[in-house]
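Have a look at the structure below before the remarks.
The values are calculated or read from the model by the stated rules, or taken from the named source; none is laboratory data. The shown structure was predicted, so the numbers you read here are calculated from the model rather than taken from an experiment. Heads up, the Cβs are rebuilt from the backbone with ideal geometry, glycines too, and the neighbour counts pull from every protein chain shown. The accessibility values were calculated without ligands, DNA or RNA, using every heavy atom of the protein model including side chains. Shrake-Rupley method; radii C 1.70, N 1.55, O 1.52, S 1.80 Å.
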Amino acid sequence: MGKRIFYFLLTNILVLLTISIVFLITGAGNYLGPNGIDFGSLLVFSAIIGFTGSFISLAISRIIAKRMMGVEVIDPENPSNAHEARVVEKVYRLSRAAGLTHMPEVGIYYSDEVNAFATGPTKKRSLVAVSAGLLNEMDDDAIEGIIAHEVAHVANGDMVTMTLLQGVVNTFVVFLARIVAFGVSQFVRSEIAPIVHFIAIVVFQILFSILGSLVVFGYSRHREFHADRGGADLAGKDKMKHALQSLKRYTDRATSDNQDTAIASMKISSKPKFSVLFSTHPDLDERINRLS
């Protein structure tokens, strides 16, 4: 799930910033009155921008993930090799078991990292992708457990729920950024106040977006436990637990060799306490223990 969260958040920040700049340049959604900020108007304005940004990010999430990760979508009717046929079979079988009426797109991206992710705006327009490294490093049961986990994310509608949460976070980001920017602009000369106000909005919106992402990261970690349980229901508890244990052995080996920077960026291995706040995944030991 980490990859889709990262690209969703990055896309959201860029979309939110673009919409905000357009509004600032055009003067639309004015919330400043003769007595300063009209907080009611600002809150409505912030909610419109915030939820628009998050829903646009959701709508293009599958496209962005494909392009950023270099995902090659598999033709389910004509897979080019046994690896592709095996992945499609597992995704489709587990998706039917999860009650999905529309099969997800299935893809492979050619990276040595051991990973998989699911994304998409709806259950009917979802994507499940696995890395070549996953197929090369893991055995069949571990692969099935990991795919079951990703299918569970789709079946649980996690991206839609996350979009709603992101919309709320965006609303507060836009709201607070403008209040602080207005305050900053009051401490400079009147002739440069509009420029300072504009720059301050951009700077504080980026800053507050990064801080707001901690809420989304926390939600992501919470949903990983639900997806583990969903994966256990779909593939079997033994396979899901085996998948997590295989990931643990792999990350321990990669950490000891100091070679796998992709794993570090995904933060699926044990990390110092502070960095856990910026992780999309809980500690693997904790995930394994919760399945026991």
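Do the sum for the chain: with -39,500 (n - 2.57) for every DSSP H run of n ≥ 4, divided by all residues, what is the mean residue ellipticity at 222 nm, to the nearest 500 deg cm²/dmol?
Theoretical 222 nm ellipticity from helices: -23500 deg cm²/dmol.
How long, wide and thick is the chain, going by the Cα atoms along their three principal axes, in whole angstroms, largest first?
Per principal axis, max minus min of the Cα coordinates gives 67, 41, 30 Å.
If I model a spin label as a point 7 Å beyond the Cα along the Cα-Cβ vector, how far apart are those points for residue 21 and residue 237 in nm?
Result for the modelled spin labels: 5.3 nm.
Relative contact order for the chain: what percent, with Cα pairs under 8 Å and sequence separation of 6 or more?
Relative CO of the chain lands at 20 percent.
State, to one decimal in nm, how far the label point of residue 10 lies from the label point of residue 161, with both points 7 Å from Cα in the Cβ direction.
Distance between the two pseudo-spin positions: 2.6 nm.
Calculate what fraction, in whole %, of the accessible area of the chain sits on carbon and sulfur atoms when a 1.4 Å probe is rolled over the protein chains.
Result for the chain: 61 percent of the exposed heavy-atom area is carbon or sulfur.
How far, in degrees from 0 to 90, does helix 39-59 lean away from the longest principal axis of the Cα atoms of the chain, to the nearest 10?
Once rounded, the angle reads 30 degrees.
Å³ per residue of the Cα convex hull, for the range 1-146?
Convex hull of Cα atoms, per residue: 133 Å³.
Roughly speaking, what is the stretch gain from residue 139 to residue 101, that is 0.36 nm per residue apart minus the C-alpha to C-alpha distance, in nm to one decimal?
Working it through step by step, the gained length comes to 10.9 nm.
Could you work out how far helix 237-257 tilts from the main Cα principal axis of the chain, as a 0 to 90 degree angle to the nearest 10?
That helix lies at roughly 70 degrees to the long axis.
Can you compute 3J(HN,Hα) from phi for each residue in the range 152-158, using the Karplus curve 6.51 cos²θ - 1.76 cosθ + 1.60 with θ = phi - 60°, rounded to whole Hz and x for Gly and Pro?
4, 4, 5, 5, 7, x, 5
Could you give each residue of the range 135-147 its phi-based ³J(HN,Hα) in whole Hz, using Karplus coefficients 6.51, -1.76, 1.60 with θ = phi - 60°, and x for Gly or Pro?
5, 7, 8, 9, 7, 4, 5, 5, 4, 5, x, 5, 5
Where the only charges are on Cβ atoms (+1 Lys, Arg; -1 Asp, Glu), what is the dipole of the chain about its Cα centre, to the nearest 20 debye?
Once rounded to the nearest 20, the dipole reads 680 debye.
Dipole of the chain (Lys/Arg Cβ +1, Asp/Glu Cβ -1, origin at the Cα centre): which of 106, 201, 61 lies farthest to the positive side?
Working it through, the farthest residue towards the positive pole turns out to be 201.
May I ask you to compute the full-extension gain from residue 210 to residue 89, defined as 0.36 nm times their residue separation minus their alpha-carbon distance, rounded to one decimal in nm?
39.7 nm
Enumerate lysine pairs in the chain that are 8 or more residues apart or on different chains, then count those whose Cα atoms are under 22 Å apart.
Number of lysine pairs found: 25.
Give, in nm to one decimal, the length gained when the segment between residue 179 and residue 73 is fully stretched (0.36 nm per residue of separation minus the Cα-Cα distance).
Here the segment from residue 179 to residue 73 would lengthen by 33.7 nm.
So what's Rg/Rh here for the range 6-83, counting alpha carbon atoms and using the Kirkwood radius for Rh?
In the range 6-83, Rg relative to Rh is 1.27.
What's the ranking of 97-107, 154-164 by average number of surrounding C-beta atoms within 10 Å, highest first?
Highest to lowest by the protection proxy: 154-164, 97-107.
Taking the Cα-to-Cβ direction at residue 37 and at residue 81 and moving 7 Å from each Cα, how far apart do the two end points lie in nm?
About 5.6 nm separates the two model spin labels.
Under the Karplus relation 6.51 cos²θ - 1.76 cosθ + 1.60, θ = phi - 60°, what is the ordered set of whole-Hz ³J(HN,Hα) values for the range 219-231, x standing for Gly and Pro?
So the Karplus estimates, Gly and Pro as x, are 5, 4, 4, 4, 6, 4, 5, 5, 5, 4, 5, x, x Hz.
Using modelled amide H (1.01 Å from N, peptide plane; none on Pro or chain starts), what sits under 5 Å from the amide H of residue 122, excluding residues fewer than 5 places away?
Counting only residues 5 or more places away or on other chains, the set is empty.
Which value, in Å², gives the accessible area per residue of the range 1-150 when a 1.4 Å probe is used on the protein heavy atoms?
45
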